[in-house]
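Only one structure is covered here, and it is reproduced in the block below.
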Amino acid sequence: MRAYPYWKTLFVYTDSWLSPHHALILLAKTLQRSLHIQEVRQIVHHPDLTIEEEIPLLFLAENHASTAFIYQHLVSRFTHQKRYLLVLDTHLDIFSQEENTETIHRGNFLRYLLKNGILEDHALLVPSLHSPVASLREGLSHLGEGLYYLSWDLDFGLPRCASFPSPLSLTFRELREIFRLIGSHFRKPRRHLIGMDIVEMNIDRPFHLSKLSFQITTLLQYLHLQKSPHFELPHLDRFNQKKYAKCGQ
């Protein structure tokens, strides 16, 4: 399958600055080449962070809680369109952990989005791992025109690379079919993928970087569409160099 240049920018979203030799940075650089992405940048989380680059955007992040901040920020730029969130995850992250006093964490970020009205329950799709292909196909049939964000926890399909691997897993063939179904959905009129994240990569777990990059590239190519959404976006006029820089600098 040919890799079309689809993603505009690849962001590495972290809580602190990473060295150029960090596994996430190395993976980002490898994906940049294989997916023909123009630019890779690192973002350090900040409450006032603004991301105003041209969509669609691709993110790598260690913590699934990052999805809440990214999704909230992106959809706030499109207030008049329907917004949907697709989550590939073996854990349904809507519970509250009493021992964790953070407002948002990897276990409750979906609850945060739903409770605060950022995401409506009918606009959330989390396919069941027990029957993922059939569940996804059924769920997508109920989602219509609008803007989509896709969040992929590596425990869904690639547990050996995930921070919290699940005993339940998928074959790579099933994973390909899932991404093929999602890509087919976006080929329908007025269904636009504005962003995606890949989260919960365990940098301490031994894995082959080039193999992981090849697997991710293979799957993401099913989302590389000939069409591309065109929206009038605000110009980047509040740029903060301390929060935002090119990787390797």
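List of remarks:
- Exceeding the 18 Å Cα-Cα cut-off - candidates Lys8/Lys211; Lys8/Lys188; Lys82/Lys188: Lys8/Lys211; Lys8/Lys188
- Distances between placed amide hydrogens fall under 5 Å for Arg83 paired with Leu147, all partners being 5 or more residues away or on another chain.
We did not get these values from a lab; they are worked out from the coordinates using the rules stated. Note that the structure is a prediction, hence the values are computed from the model and not measured.
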